[in-house]
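Working notes, beginning with the structure itself.
The values are calculated or read from the model by the stated rules, or taken from the named source; none is laboratory data. Because the structure is predicted, anything quoted here is derived from the model rather than measured. Because the Cβ atoms are built from the backbone with ideal geometry, glycine has one as well, and the counts that use them run over all protein chains shown. Accessible surface is based on the protein model in full, side chains and every heavy atom, while ligands, DNA and RNA are left aside. Shrake-Rupley method; radii C 1.70, N 1.55, O 1.52, S 1.80 Å.
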Amino acid sequence: MLYPDARAWRHAPQKRVVLFAMSGLGKTHVSTRLRDSGDWFHYSIDYRIGTRYMGEYIADNAKAQAMQVPFLRDLLMTDSIYIGSNLSFDNLNAVSTYLGKPGDPAKGGLSMAEYRRRQSQFERAERQALLDTGYFITRAQDLYGYPHFVCDTGGSICEWVDPANPEDPILKELASQALLVWIRGSEDHTAELIRRFDKAPKPMAYRPDFLAAAWARYLSETGLAEAEVDPDAFIRWTYAQALAHRQPLYEEMAARWGVTVEAADMARVQNAGDFEAVVAEALPG
C-alpha cells in the first residue's frame with residue numbers, strides 16, 4: 001500500500017485516499033469536510049461522469065423531451081434557447097434521471113434494451129472516471145497547489161472490478177496512486193439504507209450478469225410482461241439484493257487492496273484531523 005503503516009500515513013506530506021462504500025454511508029460527507037479544510041482536493045467520480053463522460057447523453061435526452069413541445073422545439077431549432085444539466089457535488093440528479101428505471105412507459109419506465117444501453121454507457125463512463133484519478137492528483141498539486149487528495153467514488157465501483165485479480169486495471173491504478181478506504185456499514189446501516197431507498201427509490205448501476213439474472217427472476221416471480229412492470233417496484237425489489245451482492249466485493253477490495261474503517265467512526269469526522277486519525281487506526285502500527 002502507498003502508506004504501509006500508521007506512522008507513514010501520519011507523516012506523509014501528501015495524503016491521498018480513495019473512499020468506497022454503498023451510497024449513503026458518508027463518502028461525500030467526509031470528502032466535503034476535507035475539502036472545507038482548505039488542504040484537500042475533492043475529486044467526485046459521479047460529478048466527473050456527469051460532466052465529462054455523460055454530459056452530452058444527459059443534455060440530448062432533455063432536448064429530446066423538449067422537442068416534443070412545439071413551442072420549445074421552435075426555440076431549439078433556431079438556437080434561441082439552450083438546454084443543459086446543472087450538476088454539482090451535492091446535486092447529481094441529472095445522472096440518475098438519465099439512467100432511469102426499466103418497465104411500464106406510462107410510469108416513466110424504459111424498455112430493457114434502452115435501460116441496458118444506458119447502463120453500458122454509465123459503466124464505460126465510470127471506468128474512465130476512475131482511471132482519471134491519477135490525472136486529477138497531478139492536476140490538484142500542479143495547478144492548484146493542494147497537498148492532499150480525496151477521491152469520492154460511486155457505490156457501483158465494485159461492479160467493474162475483480163478484487164481477486166492482482167492485475168485488475170482499475171484497482172491496480174488506484175492503489176498505485178492512493179490508499180483505498182472502505183467505509184463499512186453495520187446491519188443497522190443496511191436496514192436504514194433499505195428504508196431510505198424504499199421511501200425514494202433511485203436508479204442504480206449493475207454489472208450486466210447481475211441485472212440480467214434479477215430481471216429474469218422478477219418477471220418469472222411476478223408473471224408480468226416487460227411493459228407491465230412498475231419501475232419503482234422493480235428497483236425496490238432489486239436494491240436489497242444489490243446490497244448483498246456488493247458487500248463481499250467491497251470486503252475483498254479492502255482486504256486485498258486497502259483498509260477498512262467503520263461508518264460510525266466516519267460519521268463523527270468533523271475535520272481533516274479527525275479523518276487522519278480514523279485512517280491511522282485502520283493501518284498497522
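List of remarks:
- Distant alpha-carbon pairs in segment 128-285 (separation over 21 angstrom), percent: 57
- Within the straight-line cut-off of under 16 Å between alpha carbons, the aspartates and glutamates reachable from residue 199 are 230, 232, sequence neighbours fewer than 8 places apart in one chain being disregarded.
- 1.4 Å probe accessible area per residue over segment 70-173, in Å²: 50
- Selection of chymotrypsin sites (Phe, Trp or Tyr not before Pro), segment 22-87, meeting DSSP coil and at most 16 other Cβ within 10 Å: 82
- Listed residue (141, 264, 110) projecting farthest to the positive dipole end of the chain, Cβ model: 141
- FRET efficiency estimate (nearest 0.05) - Cβ-Cβ, residue 230 to residue 268, R0 41 angstrom: 0.55
- Calculated FRET efficiency, residue 255 to residue 138, Cβ-Cβ distance, R0 = 35 Å: about 0.75 to the nearest 0.05.
- Ranking 83, 59, 20 by Cα position along the charge dipole of segment 1-85, where only Lys, Arg, Asp and Glu carry charges on their C-beta atoms, puts 20 farthest toward the positive end.
- Of the Cα atoms belonging to segment 53-93, the radius of gyration and Dmax stand at 11.5, 34 Å.
- For segment 1-146, size of Cβ-based charge dipole, Lys and Arg +1, Asp and Glu -1, in debye: 440
- Rounded to the nearest 20, the size of the Cβ-charge dipole of the chain about its Cα centre is 280 debye, with Lys and Arg at +1 and Asp and Glu at -1.
- Each part gets one Cα centre, and for segment 63-80 versus segment 1-31 those centres are 46 Å apart.
- The candidate values were (1) 19.5, 61; (2) 18.0, 54; (3) 20.2, 67; the one computed from these coordinates for Rg and Dmax of the Cα atoms in Å carries the label (3).
- Summing Cβ point charges (Lys, Arg +1; Asp, Glu -1) relative to the Cα centre of segment 1-70 gives a dipole of roughly 280 debye.
- For segment 1-119, the number of Lys pairs separated by eight or more positions or lying on different chains, with C-alpha atoms closer than 26 Å, is 4.
- Inter-label distance, residue 216 to residue 88: 4.5 nm, where each label sits 7 Å from its Cα along the C-beta direction.
- Percent carbon-and-sulfur accessible area, segment 185-285, ignoring ligands, DNA and RNA, probe 1.4 Å: 51
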